[in-house]
Structure formats: C-alpha cells, structure tokens
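The values are calculated or read from the model by the stated rules, or taken from the named source; none is laboratory data. What you see is a predicted model, and the numbers here were worked out from it, not measured in a lab. Cβ coordinates were reconstructed from backbone atoms using ideal geometry, including for glycine residues, and neighbour counts include every protein chain displayed.
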Amino acid sequence: MRHLLSTADLDSAAAVHILDTAAQMAATQSREIKKLPTLRGRTVVNLFFEDSTRTRISFETAAKRLSADVINFSAKGSSVSKGESLKDTALTLQAMGADAVVVRHQSSGAPHTLAHSGWVDGAVINAGDGTHQHPTQALLDAFTIRRHVAMAGAAGAGAIGQLDPTGRDLAGLKIAIVGDVLHSRVARSNVLLLRTLGADVTLVAPPTLVPVGVEAWPCRVSYHLDEVLRDQQPDAIMMLRVQRERMSAGGAGGGAFFPNPLEYTRGFGLDARRLALLPEHAIVMHPGPMNRGLEISADAADSPRAVIVEQVANGVAVRMAVLYLLLAGDSAGSASTAGSASTAGSAGPRTADERTAIA
Amino acid sequence: MTGSTRYVLRGVAPLGGEPTDLLLADGRIAAIGIEAVTDALAEALTWDVAVPLVEIDGAGLVALPGLVDLHTHLREPGREDAETIESGTRAAAMGGFTSVHAMANTTPVADTAGVVEQVWRLGRDAGWVDVHPVGAVSVGLAGEHLAELGAMAASAAQVRVFSDDGMCVTDPVLMRRALEYVKAFDGVIAQHSQETRLTAGAQMHEGIVSAELGLTGWPAVAEEAIIARDVLLAEHVGSRLHVCHLSTAGSVDLIRWAKSRGIDVTAEVTPHHLALTDDLVRGYDPIFKVNPPLRTAADVEAVRQGLADGTIDIVGTDHAPHSREDKDCEWAAAANGMTGLETALSIVQQTMVDTGRMTWADVARVMSSAPATIGRITGGDRPQGRPLAVGEPANVTLVDPAARWTVIPEQQATASANSPFRGRELPGRVVATFLRGRATVLDGRAVPLRSADGAGAAVPASSARGL
Ligand SMILES: [Zn+2]
C-alpha cells in the first residue's frame, strides 16, 4: 500500500490487517503514556481545502501519538474556481519534505490527482474528497462494527467487546446505511469496504438521494426504512448526515431533494419507535456531526446502543494504523499475507524496539 | 492562379477506388486519368514551360476531397495562449482539412459583423484553410437577445452557421426566433444541446461510473430533451437545425425519427464520441473532460451505427484547445474540451473504415461534402466540399491508410497538447493537402504560404511520397 485513496483499493486481507493493526494501536491508547516513537522524524501534512475540524484533529492526534511532526495547512477557499493551487500547494509541501499528505478536498478525485501527478513523493491519504470517498471513516466504522457486533455470536451480549476479534472479517453481518447516499462519500466508502469484509449492505434513502448507476454497487437499495428494520433486522444501522442545503430549491443540482424536514424525518429518521424495531445487539452509528431531530432523534443518539462517541475514539486508532502502515510498515505491501492468521508480530513493527512499544 | 506549381498525383485512389492519375493546375483539377493527364501535360508544355511541375508517387494513397470541419474552436481573439488562427488552421491543414468553421465563443464573442470579419481576414491571411466564422446566436452567448445575425450574414464573412456553442440556447422563444430569422438568408442554427437545469454542476456522463466516482452526472436526457424540442421547433417554423456533437443513443433515435418526419435537421458526431467511453474518467485525468461528456459503450455503438446509416450527417471535430493550466489540475477545476483536427481522419478510419462500416466515399461525404452543404459553402468564389472531378477546385487530401503513427501532442501543429489520444497508435496518415492547388501539406509536413509557389523543386517528386 503506497497511498490510501479509496476503499476499492483494499482487498479483504489488507482491510483486516489494517483493522488488526488499529486494534493494537487502540490497546496502547489505554495506557498512561500514549505516545509511540514509531514515526519520529517523519513529517505528516494535513492539507485541508475544506473545513473539517473533527477529521483534522483526529489525523493530527494520530500522527502526534506516533511521534510524527505535524504541519496543518488550511487552503480553504483558495482553490474553488482554479485548480492551480492544488498543484502549487503540493509543490510547496514537496519542498518541505512531507512524508505523508492527508488531504481533504471538495472535488472528487483531487487526492487521486495528487497521488498520480508526480507533484509529491509522499504517501497520500484521502481524508474525504467531494462526494467520492472517505476511506478512513469507513475503516473506523468497520473497526467499530467488528468490535461490537462481529463477536456477538461467539459471546453473550454482555461480553461483546471483551473478546479478541483479531483476524476477523464481517462475514454474515447485515448493515443498513440510511440517508443522503447521493452526496455521501461515507456511504460510497462503506458500501465497498463492508462488502469486501463480507457484510450485506442495504442502502435506505428516498429515491432522489440515490445515485443513478447505483445498480452496479455491491449492495441492496430500499426506499422504506421500516421494512428494512423489520425484515432484515440489521446488526448495525448507520445514519448519514443530511445537509440543510439539500432541502432548498437553490441547492446544488438545482432543486430540493425532498419536500420538507418533517417528511424526511417521518420516512428516514431514526427515533425511539424505530430503535425498538432493531435486534437487541444492534448498534447505532453516525459519522457526525449530527442533525438531531432530523436524521436522528435525541432518543436514538443518546441511547446505550449508540456508539457515536466511540467512533470518534476509534478514528484515532484507525488513522494511527494507516499512518503506521504507510510510513513505517514497508512490509505492509504484503499486508494481504496477514489474513486470519494475523498476529501482533506480523502486524508490522519492524524493530524490536517498536514491537515492544506497540505490543 | 497562373504560374502556380502544378502537381501530378500518380496512382492515387480517388475515394479509395481504382488508382489513377490526377493533374492539379491553375487551382483546379485539370485532368483525371492516366491518358488524360499525359495529354494535358503535353498540351500544357507547349504553352507554358515556366510553371513548375511536381510529381507525387501516390501508390497506395487514397485521394479525398479536402475535408471540411463544421465545428472548430480557434480561440482567437482572446485566448491566443491556447491557439491562434494561424496555429489552428495549420493543424487543420495537417489533418487534411481545407476549410474550417470557427466557433463564436471567443473573447470578444463573434456576435457582430466586425468580429466575424476580423476572424475571416486572419484566416485568409494565414492561408492554410478557408476559415468560415460561425456567428453567435445571442449577444455575448448570454441566451437573452438575438445577435445581429443579418449583419453577420451580409458581412464579408458571409456567415451562414450560427451557434452559441459552449452554451445551449435554452430559452425556447429565443430558439424559435433564431430559427425563423435565419430563413431570410438560408442560415442554420447549430445547437449545443444541453438542458441547463439538468446539468447544473455536471462533470461527466451520469451512470455507473459517475455513481462510483462521486462526480455530478450529465444525464443523456439533458441532451435528448433539447434535441426533441428543437426538431419540433424547426418543423413548426420550417427552418434548418443542425445538432452539434450528438453523443447518446437516444439522440440518434430522435434524429432518425425527425428525419422520417421530413424535418430539416442535420446531426454531427465528434471523433472522440466515436472512439472513447466514460470508463476513461476513472483515473480522474482531466484530459478526458469534455462537453458533452464521453458516454457509454452502448452510446458509442449507437453513434457509429447512426453515422454509418446516414442518420448522423457529419463528423465535426469540436477541436477545443486548452492551455496547460486549464488541464493541469483536479477534475472539477479543469476546462472542458479536446484537440481533434490532427487525429479526426485517423479516428474515423479506425472506427468506421477499418471496421467495414463505411467506405472512403462515405468518409468524403461525412467529412467534406455534407458539412460544406450544411455550411452553404459549396458555391461562391471559393467553393468547398466539391467532388473530385475535372474543373472543380483542387481541394484534395491524400491519405495513406496503411501508415501507422503514434500521437505525440507536443509535436502537433496545434498550440495545445490536450489530445485524448496521447500515446495511441492510430491508422492512416495525411500525406498531402491541397487548397485550390497550393500544397499546404506535402510529405506530411506543413508548407508555409510564401515557400509554396515556385518551390516545387524543394520537394523532389521522389521523396514527396516517402514517410
Ligand atoms: Zn458544444
């Protein structure tokens, strides 16, 4: 793995290997001294053309816990009409000697362009591009699902999260992703990754918020949330954020996608009644930030089944794993050898020192 | 034309038929046939030995009437960094063209008699091909007020083709008025069919690939809805409509239907829509960003079929040069468009001739006579798109269909390098182009105007053929 641009680039073994590495990283984060020396002397640049304090802080925390030097570069607003600034900014970063560039951009494909342009030598990590991909979000979602649900069959509900899920994929799990699929990079990333890991994914949305061409995606599509909850009994339900601008006629694409917020909530919001339709062990997820009262009610967001806060914490562990595998784990290219036999040793630290630090 | 070099084209195959000899003299095709050429030369020698004579060994070459492009963006005035009339028309000659129609979306817009006359004169001065300016339909391409169509028609440029290309004439009332108004001087409205509201923010064809890439879709229906409306308007007011760069299977069906009703509509397809699909967008390389966008394999098949069966009348290049800055960036920020003048004939050969769908006579129809007829330039003092016949203007293109060449955009005559065919090996190479008997291209190389006359000796007959 040289870059992380899309979950489409990950096969099952590589994805499981990242999740296993993230589990090791997470274990170190419960210690008193959280910092690892692994990326000392390496430089990670957070290049954000679009505001996202949460994602930036998550990557920044991950890089710092691995002892990397972090440069935050906010280029918001400078590249909307002209793309030259992506190139010029990239050349500047190259001159600074960036080992990894974490890029968030409003244009789909910008990280891909950056990675293949020859403008930078470092690893490119896609931190969200337009309505295309947000691979670390999907990885942290898969990590969260695996931790909570994948072991549910093996243990009683109470013991979930206690057993070691190392090496496991998500085979047989049913996941519902609900909301604005059309504009969601989170949905695109998750559909591909969850399917690669063996889960069955159902997208639920009003037809206006499902892209033309969705028939080629490895998932099912439904326009009826209640039916999906009742008939499929999903193990996890992921609520997507609905942006306010989608409701006005002046919004992107030139027209409202649904009549009004109330009608949306009635059809696709997760409230206490729908929560009760879910199986006992099912978890409620949201990539944040939430619109409480629109796609998710306070009852659902604050219920014990909601793992929304934990998703944030897992985000740091997953991003540590990605940075580690891209920058230090030169053997990570053979990640596909990890598979279900993956152990802490094969997960990557190269030197005895690092291994001690991580294990 | 007296005193200009005469050319004997030995053993060329007119429209791919039986090989024969052609004599080009005094700007015209003076003789066709081995005996006729021998006789004509013998006769001519008795009265003018001073005129240079160049023989070209044309064995294996196909002779076509000089190609006519109804859809070229020459960028001058305004974007001389991307192309000038000189560089663009030299590229046209290199591609086998003897005439191009220069689109109106320049800066300033070609919406007055003054601007179209300027473009026309610059074309004449450059001398590579006949430049016929296209006039804007609306002032500033803004889609609100009719431009001075009558004044442009009456100008020295004698504009007959009007288009807001780059923009669609969206307002149905403005479209109706334009169609009606040009009837007075036998003009045609060339529409860039794109429903504006359905394509807000559109980046690529809407379908499986756009869904995966997260790029805003440009649905086929946005093209088809405008074509459907426009053919009905053309029928209602009894005027002429030309549909630019048709790109979808549904559009082919609509044109077929309209023609079956007797509606006076013509349609155009670009070389890139004959050859390329939206799968190429997967790498987010803006070189493949074009409007209308690359479509699916099923659409490519439909436009090939439509061109072969005559539903689609012509191939227009939509040559759209762009500076490096406008393509060297992320997809959404990049400009739409591809160069095409120097690859068009090769792409048509590859997709239509080598596949057995069309003959070289068909190529002459879709790339010369039909576009010239639509543009109303088959008559007057500089007729184009005429048959290869004795007495006709010597607008002739020689192509070597057996040649293979690799596209290196930086080596092309166009000032821009945004060819989608970079690195591809293509069949067919333009060996020579003659504009009214003057060689603009010989031996695959451009021949500047000043060195053309009397410089026949600079191109020995023996080497004129070699590649
Ligand atoms: Zn156009």
Query - B:Leu74 being on the phi < 0 side of the Ramachandran plot and surrounded by fewer than 24 Cβ atoms within 10 Å (Cβ to Cβ) - result: no
Query raised in the report: Cβ-Cβ below 6 Å, separation at least six or inter-chain, first residue in region B:206-229 and more than 12 Å from chain A (Cβ to nearest Cβ), second basic (Lys, Arg) and in a helix (DSSP H, G or I): which pairs?
Result: none
Query raised in the report: Which residues, counting only those in region B:296-315, are more than 16 Å from the ligand (Cβ to nearest atom), β-branched (Val, Ile, Thr) and either part of a helix (DSSP H, G or I) or out of contact with any helix residue (DSSP H, G or I) (no Cβ under 8 Å at 6 or more places or on another chain) (or both)?
Result: B:Val300
Query raised in the report: Are any of the residues in region B:39-56 farther than 27 Å from B:His132 by Cα, at pLDDT 95 or above and among the small types (Gly, Ala, Ser)?
Result: no
Requested in this report: Report, by residue number, each residue of region B:309-336 that is buried (at least 24 other Cβ atoms within 10 Å of the Cβ), under 17 Å from B:Ala91 (Cα atoms) and among the small types (Gly, Ala, Ser).
Outcome: B:Gly316, B:Ala320
**Report entry** Top-ranked residue of region B:230-261 - restricted to ones that are buried (at least 21 other Cβ atoms within 10 Å of the Cβ) and without any contact (Cβ under 8 Å) to a residue 40 or more places away in the chain, ranked as farthest from the ligand (Cβ to nearest atom)
**Finding:** B:Ala258
Report task. Scan region B:75-82 and give yes if some residue there is in contact (Cβ under 8 Å) with a residue 40 or more places away in the chain and closer than 15 Å to B:Gly135 by Cβ, otherwise no. Result -> yes
Query - Residue that is farthest from B:Asp362 (Cα to Cα), among those in region B:12-36 that are in a loop (DSSP other than H, G, I, E, B) and not small (Gly, Ala, Ser) - result: B:Asp26
Requested in this report: Please work out if B:Val51 is part of a loop (DSSP other than H, G, I, E, B), over 30 Å from B:His322 (Cα atoms) and assigned by TED's automatic domain parsing to the domain that holds B:Phe434.
Outcome: yes
Query - Candidate set: region B:15-56, residues that are surrounded by fewer than 18 Cβ atoms within 10 Å (Cβ to Cβ) and polar (S, T, N, Q); chosen: the one farthest from the chain's Cα centre (by Cα) - result: B:Thr46
Requested in this report: Can you give me the number of residues within region A:121-135 that are away from chain B (no Cβ under 13 Å) and in contact with a strand residue (DSSP E or B) (Cβ under 6 Å, 6 or more places away or on another chain)?
Outcome: 4
Report summary line: Residue hits (region B:357-387; free of Cβ contacts under 8 Å to residues at least 40 places away in the same chain and basic (Lys, Arg)) are B:Arg365
Query raised in the report: Of the residues that make up region B:373-385, is at least one over 25 Å from B:Thr414 (Cα atoms) and modelled with pLDDT under 95?
Result: yes
Query - Test: residue in region B:392-401 that is among the small types (Gly, Ala, Ser) and surrounded by fewer than 24 Cβ atoms within 10 Å (Cβ to Cβ) - result: no
Query raised in the report: Here is a list of conditions, (1) of a type in the set (A, V, I, L, M, F, W, C); (2) without any contact (Cβ under 8 Å) to a residue 60 or more places away in the chain; (3) touching an Asp or Glu at 6+ places or on another chain (Cβ under 8 Å), and A:Trp119 meets all of them except one; can you say which number that is?
Result: (3)
Report task. Using the structure shown, decide if B:Leu70 is of a type in the set (A, V, I, L, M) and under 16 Å from the mean Cα position of the chain (by Cα). Result -> yes
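Give region B:186-197 a look and list any residue that's more than 16 Å from the ligand (Cβ to nearest atom) and surrounded by fewer than 22 Cβ atoms within 10 Å (Cβ to Cβ), or say none.
Selection gives B:Asp186, B:Arg197.
Anything in region B:316-363 that is within 14 Å of chain A (Cβ to nearest Cβ) and part of a loop (DSSP other than H, G, I, E, B)? List them, or say none. Reasoning before the result, please.
Step one: list which residues in region B:316-363 are within 14 Å of chain A (Cβ to nearest Cβ), which gives B:322-336.
Residues satisfying the conditions are B:His322, B:Ser323, B:Lys327, B:Asp328, B:Cys329, B:Glu330, B:Ala334, B:Ala335, B:Asn336.
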Query raised in the report: Does B:Thr311 qualify as being more than 14 Å from every other protein chain (Cβ to nearest Cβ) and out of contact with any Lys or Arg (no Cβ under 7 Å at 6 or more places or on another chain)?
Result: no
Report task. Among residues belonging to region B:77-102 that are surrounded by fewer than 24 Cβ atoms within 10 Å (Cβ to Cβ) and over 23 Å from B:Ser369 (Cβ atoms), point out the one that is farthest from the ligand (Cβ to nearest atom). Result -> B:Glu86
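Picking from B:Val363, B:Val348, which residue would you name as being buried (at least 19 other Cβ atoms within 10 Å of the Cβ), within 15 Å of B:Leu276 (Cβ to Cβ) and at pLDDT 95 or above? Before the answer, list the steps.
Values: B:Val363 fails: within 15 Å of B:Leu276 (Cβ to Cβ).
Residue meeting the stated conditions: B:Val348.
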Requested in this report: Can you tell me which residue among B:Ser419, B:Ser346, B:Ser369 is assigned by TED's automatic domain parsing to the domain that holds B:Val134 and within 30 Å of B:His322 (Cβ to Cβ)?
Outcome: B:Ser346
Report task. Run down A:Leu47, A:Leu10, A:Leu5, A:Leu91 and say which single residue is of a type in the set (A, V, I, L, M, F, W, C), within 24 Å of A:Gly118 (Cα to Cα) and surrounded by fewer than 17 Cβ atoms within 10 Å (Cβ to Cβ). Result -> A:Leu91
Report task. Looking for whichever is more than 16 Å from the ligand (Cβ to nearest atom) and farther than 29 Å from B:Phe288 by Cβ here; the options are B:Val209, B:Val173. Which one fits? Result -> B:Val173
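May I ask you to list the residues in region B:363-382 that are under 22 Å from B:Val62 (Cβ atoms) and not hydrophobic (A, V, I, L, M, F, W, C)? Outline the logic, then answer.
As a first pass, look at region B:363-382 and keep what is under 22 Å from B:Val62 (Cβ atoms): B:363-373, B:378.
Of everything in region B:363-382, those that are under 22 Å from B:Val62 (Cβ atoms) and not hydrophobic (A, V, I, L, M, F, W, C) turn out to be B:Arg365, B:Ser368, B:Ser369, B:Pro371, B:Thr373, B:Thr378.
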Query - Subset tally (residues that are part of a loop (DSSP other than H, G, I, E, B), within 16 Å of the ligand (Cβ to nearest atom) and not hydroxyl-bearing (Ser, Thr, Tyr)) for region B:143-170 - result: 7
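Out of B:Glu43, B:Glu80, I need the residue that is of a type in the set (Asp, Glu) and either in the same structural domain as B:Val447 (by TED's automatic domain parsing) or within 19 Å of B:Thr5 (Cα to Cα) (or both). Which one? Give the derivation first.
On the way: B:Glu80 fails: either in the same structural domain as B:Val447 (by TED's automatic domain parsing) or within 19 Å of B:Thr5 (Cα to Cα) (or both).
After applying the criteria, what remains is B:Glu43.
Kindly check whether there is at least one residue in region A:11-30 that is over 22 Å from A:Arg147 (Cα atoms) and in contact (Cβ under 8 Å) with a residue 12 or more places away in the chain. Before the answer, list the steps.
In the first step, residues of region A:11-30 are kept if they are over 22 Å from A:Arg147 (Cα atoms); the result is none.
There is no residue in region A:11-30 that is over 22 Å from A:Arg147 (Cα atoms) and in contact (Cβ under 8 Å) with a residue 12 or more places away in the chain.
Kindly indicate the residue of region A:198-216 that is without any contact (Cβ under 8 Å) to a residue 24 or more places away in the chain and assigned to a helix (DSSP H, G or I) and also farthest from the other protein chains (Cβ to nearest Cβ) among those meeting that condition.
Taking region A:198-216 as the starting set, the residues that turn out to be without any contact (Cβ under 8 Å) to a residue 24 or more places away in the chain are A:207, A:212-213, A:215-216.
Retained after the next criterion (residues that are assigned to a helix (DSSP H, G or I)): A:207, A:215-216.
Details: A:Pro207: 14, A:Glu215: 7, A:Ala216: 4 Å.
Top of the filtered list is A:Pro207.
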